[in-house]
1. Do any residues in the range 55-66 that are without any contact (Cβ under 8 Å) to a residue 12 or more places away in the chain and under 16 Å from residue 293 (Cβ atoms) have Cβ atoms under 9 Å from those of residues that are buried (at least 18 other Cβ atoms within 10 Å of the Cβ) and among the aromatic types (Phe, Trp, Tyr), where the two are at least six apart or on different chains, and which pairs are they?
2. Looking at (1) assigned to a helix (DSSP H, G or I); (2) over 18 Å from residue 185 (Cα atoms); (3) touching a residue at least 24 places away in the same chain (Cβ under 8 Å), which is the one condition that is false for residue 334?
3. Looking at 355, 305 in this structure, which one is surrounded by fewer than 19 Cβ atoms within 10 Å (Cβ to Cβ) and farther than 18 Å from residue 423 by Cα?
4. Please enumerate the residues belonging to the range 168-182 that are surrounded by 24 or more Cβ atoms within 10 Å (Cβ to Cβ) and over 17 Å from residue 445 (Cβ atoms).
5. In this structure, is residue 108 farther than 19 Å from residue 295 by Cβ and touching a Phe, Trp or Tyr at 6+ places or on another chain (Cβ under 7 Å)?
6. Evaluate the following for residue 365: is it touching an Asp or Glu at 6+ places or on another chain (Cβ under 8 Å) and not assigned by TED's automatic domain parsing to the domain that holds residue 533?
7. Within the range 194-226, how many residues are part of a loop (DSSP other than H, G, I, E, B) and either acidic (Asp, Glu) or buried (at least 19 other Cβ atoms within 10 Å of the Cβ) (or both)?
8. Scan 472, 465 and give me the residue that is modelled with pLDDT under 75, over 30 Å from residue 168 (Cα atoms) and assigned to a helix (DSSP H, G or I).
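The values are calculated or read from the model by the stated rules, or taken from the named source; none is laboratory data. None of the values given here were measured: they were computed from a predicted structure. Here the Cβ is made from the backbone with ideal geometry for all residues, glycine too, and neighbour counts use every protein chain on show.
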Amino acid sequence: MLARIRRAVAAEGFRTRLADPDSLLHFSVLGLLAGVLAGLSIVVYRFIVESSLGAMLPGGDPENFEALDPSLRFVLVLGGALLLGLIAQLIPPRWRAVGVAHVIDRFNRHSGSMPKGNLAWQFCGGMLCLITGQAAGREGPTVHIGAAVSSIAGNYLKLPNNSIQILVGCGTAASIAAAFDTPLAGVIFAMEVVMMEYTISGFVPIILAAAAGATVARSIFGETLLFSIAPIQPHSLAEMPAIVLLGLAAGTASALFVAVQARALRVHSGLPFTRIAIGGLISALAILAVPEAMGVGYDSLNAALIGELGLLTLVLLAITKLLLSATVSGLGMPIGIIGPTLLIGGCIGGAICKLLGIASLSFHGAESLYVLLGMVAMMGATLNAPMAALTAVMELSGSTSAMLPGMVAVIVANLVCRVLFGQVSTSRNTLEAMGVSITRDPLRRSLERSGVVSLMDRDVLVLEGEPDSAEGLERLRAATNRWAVFSRDRMHWLADRAALCALLEGVDAGDLRERAIEFARPCCDVPAQSSLGEAWQRLQEGAADVACVIEPLALHSVLGIIRRETLADAASGEIFD
């Protein structure tokens with residue numbers, strides 16, 4: 001059955017249409033496919049984690065780490081870290097790159113193609129982190145899982161690379177939508193953090209993917225609310241200074257988070273086991289004093305939202321979670337940081353509200369609002385995703401009343417983190433530690449939205465070997481194609497067919513080969529799955545003016561050619577406009 005689906009989807013007509021960035025219907029089909037696949041993968045991931053924790057923890061509560069004996073908590077966290085470190089030591093180094101930063105890297109530098117080995121490490125390692133109570137989040141791993149599953153499916157179907165990038169965005173959006181039940185925030189997160197652009201051709205399939213992912217998750221887990229947020233009442237303008245103060249605190253905390261993670265990333269050790277073991281030991285010692293820092297911590301966040309946590313608990317939990325999550329993520333644990341940033345920000349918001357209530361009897365702010373604003377301000381500043389954070393405010397609260405204070409808190413936090421402290425996002429931190437520089441070349445990016453098949457010139461006569469025989473000359477004369485391609489020394493050469501015929505008339509048979517090579521132009525080869533951006537890069541690297549579009553699975557048969565001037569016209573918009 002899979003083979004039949006592959007033949008149907010990867011048919012020449014379908015692939016050709018996907019190479020065109022304006023084929024919204026075909027991209028919509030891909031969006032639905034990616035949304036369902038990503039949603040199912042997140043459901044499986046979440047089910048394994050929650051069922052394992054439910055069977056292991058007291059009361060069947062998958063977040064009830066606090067009920068464990070302190071010695072058992074210590075052994076669980078440290079033992080889990082040692083096992084993670086051992087696995088990380090044994091797997092190939094190239095598999096160790098995981099998380100949102102890895103998705104951004106593969107999207108920008110590898111046309112969205114994501115390796116299976118990294119997916120396996122993220123899936124298994126992420127589950128092990130959550131099951132053993134590391135100070136981890138589950139949303140970062142789900143982004144990697146959803147994007148990778150979609151990308152691998154596209155590569156299996158031999159789809160053009162420009163559509164593989166769309167699939168990565170679709171998988172990202174669907175995973176966030178399935179994890180938080182926030183489809184709109186998933187769409188914005190995918191386009192703001194991973195794709196780093198907003199395009200009409202990208203919006204439609206990604207929206208469909210987010211809707212499909214959220215639908216799959218709801219059909220399995222039901223419409224259960226992740227956070228218990230009371231109805232948000234319209235705030236008073238007199239509270240605006242307090243909201244600015246909250247933004248300042250969240251921005252400072254996000255800058256500290258990024259700085260601690262950057263320092264941990266610079267810890268030099270040739271052994272991943274050593275790095276992860278150090279992180280596990282630090283975590284195991286810390287949770288003896290603050291057990292609420294174990295796991296994802298959404299139970300503590302819900303307690304903060306309904307005002308059950310005291311001021312001291314909020315402060316201790318925010319500090320401990322910040323230092324632990326930033327440290328262990330920098331030391332190489334395959335964890336997510338979206339969940340920890342939400343908990344840290346929520347605790348900061350709750351603490352600010354309680355402090356203002358103590359300092360001023362006239363302050364009557366709703367603690368649930370301040371916890372919510374702290375959550376999104378911390379998330380937006382740490383990930384450099386203000387729009388995704390703002391849409392999350394609206395979807396999580398179910399009210400537009402929180403939008404204005406949310407905008408103020410998120411923007412203040414981002415300005416403090418970026419401008420005042422000069423910090424970058426956590427994803428960029430990780431990429432810099434990997435030695436990866438993501439440059440947004442506008443020319444290359446505009447070309448990457450289309451596949452070479454959409455613009456290649458098919459009016460080509462392909463000769464077997466060289467035109468050095470009477471039979472070859474006869475084929476040249478009989479054909480009506482504009483171009484002729486022949487091969488020599490495992491390299492393709494291109495010539496104007498009619499001009500080549502005229503040139504070779506009357507030439508001695510022994511001189512045919514040399515005269516043909518003198519007249520023809522050398523070509524570089526570009527696989528049919530390539531985007532126009534990849535074709536441009538190959539032409540630049542090979543110092544060539546034309547590339548042969550080949551089908552690798554058909555013994556490198558030539559499907560057509562694409563010229564440098566065609567790519568230049570496409571980049572300037574003369575073709576697609």
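1. Within 9 Å, the pairs are 57/65.
2. The failed condition is (1).
3. On the way: 305 fails: surrounded by fewer than 19 Cβ atoms within 10 Å (Cβ to Cβ).
From the options 355, 305, the qualifying one is 355.
4. If the condition is that a residue be surrounded by 24 or more Cβ atoms within 10 Å (Cβ to Cβ) and over 17 Å from residue 445 (Cβ atoms), then 170, 171, 172, 173, 174, 175, 176, 177, 178, 179 are the ones that fit.
5. Numbers: farther than 19 Å from residue 295 by Cβ: yes; touching a Phe, Trp or Tyr at 6+ places or on another chain (Cβ under 7 Å): no.
No.
6. Working: touching an Asp or Glu at 6+ places or on another chain (Cβ under 8 Å): yes; not assigned by TED's automatic domain parsing to the domain that holds residue 533: yes.
Yes, satisfied.
7. So in the range 194-226, the residues part of a loop (DSSP other than H, G, I, E, B) come out as 195-199, 222-226.
Narrowing the set further to residues that are either acidic (Asp, Glu) or buried (at least 19 other Cβ atoms within 10 Å of the Cβ) (or both) leaves 195, 197, 223.
Selection size over the range 194-226: 3.
8. On the way: 465 fails: assigned to a helix (DSSP H, G or I).
Exactly one residue qualifies, and that residue is 472.
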